[in-house]
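Right, one structure below, let's go through it.
The values are calculated or read from the model by the stated rules, or taken from the named source; none is laboratory data. Predicted model only: the values in this text are computed from it and were never measured. Cβ coordinates were reconstructed from backbone atoms using ideal geometry, including for glycine residues, and neighbour counts include every protein chain displayed. These area figures cover heavy atoms from the full protein model, side chains too; ligands, DNA and RNA do not enter into them. Shrake-Rupley method; radii C 1.70, N 1.55, O 1.52, S 1.80 Å.
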Amino acid sequence: MKIIDDLIDELTDKTVSLTDILIKTKVLAYKLKNQELKIWLDNELNGYPSGKLPDYRILGCQVIGSLSNGYQRAKNYPIPLIGLEKELREGILKVNLFQSISTLDEFVQKEKGGKMIMNIPPEMYDYLSKDLDNGFVIEYARREIDRVQVLQTLTSVRTKLLDFLLKLNDEVGDENDLKPFSEGNPKDKIASIFHSSVFGNNTTIIVGDNNTQTITNITKGDFKSLEKLLLENGLKKTEIQELESIIDSDNPDSTKKEFGGNVKNWITKMLSNVMNGSWQVGLGAAGNLLAQGISSYYGWQ
């Protein structure tokens, strides 16, 4: 079929933008009346919302930082993580790529031989410093992934879409009318071909739009306003109740604007949820959200 043949030709032509191909594929998705294909295309084009990411968008990373013990300083030092709990260690060594295809493609085109860098919130520094010797502490930490890894993600999207279209072409043949394939059993067959080609057997597709983390008005000492902010950004009621039970009795240092130990541990726990994928927001955005929200509750903002 012409629309499928044209898309296949463009996918095998490296000079054609992947973003343009995905936009054109939306026409096919509507002709097929395939909701999964529509959602996947929207997610790839606009960026993924909260929810489970496809495996090809979860990448391994390196954790790098600057260390100091007051006498010596080490820059661009690989931070040891062996002492962290297994779940947290595995989470921090994985990066979730929520960005749109156009954003990833722009990075690949501009950063020849470069790295994608994601800063680790300062609230994590004490926790990550536990394995350091000789009095060293972390002054700055980041996660890094290579440009080649991002390029591989783009290649995966191109290859998976190509696999689907090739199999679909075999199913449709020379038919010019897609109506018989958008209804009844043929529709189910095409949905199965798409899902197996792009996701394998276990991935859930989430419907939604990207969310930007914003700090709403929080009144000093008004936990309800802080609770509202945290609920809106995906925290569970039980997690928020845990914070409520400690936030007023944790002896924060108002002069230095430092949280108490229990609140620090709670923030670390919430950030570990980001890194293990159970709270699907960006690590930097999550750290900023929690730090600013709690600081506003204490009246430090």
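Show me the helices (runs of 4 or more DSSP H) found entirely inside the range 122-222 where at least 2 residues are modelled with pLDDT of 85 or more.
Because the criterion is at least 2 residues that are modelled with pLDDT of 85 or more, the helices (runs of 4 or more DSSP H) in the range 122-222 that meet it are 147-172, 184-198.
For every residue, the table says whether it meets (1) closer than 25 Å to Leu41 by Cα; (2) surrounded by fewer than 18 Cβ atoms within 10 Å (Cβ to Cβ); (3) not acidic (Asp, Glu).
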site	(1), (2), (3)
Gly91	no, no, yes
Asn96	yes, no, yes
Met118	no, yes, yes
Tyr125	no, yes, yes
Lys130	no, yes, yes
Ala141	no, no, yes
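Which of (1) within 24 Å of Ser196 (Cβ to Cβ); (2) part of a helix (DSSP H, G or I); (3) among the charged types (D, E, K, R) is the odd one out, the single condition Lys52 does not satisfy?
It fails just one condition, (2).
Does the range 232-248 hold any residues that are open to solvent by 80 Å² or more (accessible area, probe 1.4 Å) and within 20 Å of the chain's Cα centre (by Cα), and which are they?
Glu232, Lys236
Would it be correct to say that Lys75 is modelled with pLDDT of 80 or more, open to solvent by 80 Å² or more (accessible area, probe 1.4 Å), over 19 Å from Ala286 (Cβ atoms) and not small (Gly, Ala, Ser)? Lay out the reasoning, then the answer.
Numbers: modelled with pLDDT of 80 or more: yes; open to solvent by 80 Å² or more (accessible area, probe 1.4 Å): yes; over 19 Å from Ala286 (Cβ atoms): yes; not small (Gly, Ala, Ser): yes.
Yes, satisfied.
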